[in-house]
């Protein structure tokens, strides 16, 4: 038994030496792609994403919710249609949880919830979240997102995580921007104009003002309606209708339903 054990040990050591030799003979590892400088703070108890103003401007998005959707993992800003006010006040969610379970802060202070309760089949049905788009993107200095449950520290409205919007605080800063664009389907024409300016107040004070105007035309991705409009009487398995009724049915506009984003006009300031 002792001899067998020694033999096995020798064979294992030889295999390990061969493996080490093979690893050492490999070529150097070359990185052929990268997503850029890491932005996740990993030396904190939980993962925190920190997005600066340069990354926000680089997205090209005109809505604050769309900006975060492009930059922050697990953040979702769902579009809705035929869902009452949810068509314009879109629900913002973290980690697939409800809109009312994400705590939104502005400069470290709680942002109030919306009075709208999401209904029908929209995301977050039965809850009331925070209107993310009411915070102008051009006023943001930085956005910090805590992507983990933080209810023990912040309360029950932080089960999904915390989003903290830091506004610009430079008394000498100022910017003017304008953008225009539309979808590949030739709809949804959007144009936006924003103005930001800081003013110094005394030796230590400041005021930073932001004005932003957005006009977003409607989009529609619905197909043709196949629902009967006029010929709806079935007698004995056969449909009976006059010639005029059949003509109205044939001439009916089948593009009579909308699935998409409504026409939105908004002015936000801070």
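Each reported figure results from applying straightforward, stated rules to the coordinates on display, with no laboratory input. No experiment lies behind these values; they were computed from the predicted model shown. Neighbour counts run over all protein chains shown; Cβ positions are idealised from the backbone, glycine included.
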Pull out a ≥ b ≥ c, the square roots of the eigenvalues of the alpha-carbon gyration tensor of segment 123-215, then state rounded if a/c is under 1.5, prolate if not and a/b is larger than b/c, and oblate in the remaining case. oblate
Please work out how much length the chain gains when fully extended from residue 180 to residue 224, using 0.36 nm per residue of separation minus the C-alpha to C-alpha distance, in nm with one decimal. 12.9 nm
Could you work out the relative contact order of segment 143-238? I mean the mean sequence separation of Cα pairs under 8 Å and 6+ apart, divided by the number of residues, in percent. 20
Proxy exposure order for 250, 132, 259 (fewest C-beta within 10 Å first) is 250, 259, 132
Among 77, 165, 199, which comes first, second and so on when ranked by fewest other beta-carbon atoms within 10 Å? 199, 77, 165
Rank the residues 168, 258 as a footprinting-exposure proxy: fewest other Cβ atoms within 10 Å of their Cβ go first. 258, 168
Where a ≥ b ≥ c are the square roots of the eigenvalues of the C-alpha gyration tensor, would you call segment 53-191 rounded, which needs a/c under 1.5, or, failing that, prolate if a/b is larger than b/c, or oblate? oblate
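Quick one: grab the alpha carbon gyration tensor of segment 70-116, order the square roots of its eigenvalues as a ≥ b ≥ c, and give me rounded if a/c is under 1.5, else prolate or oblate depending on whether a/b is larger than b/c.
oblate
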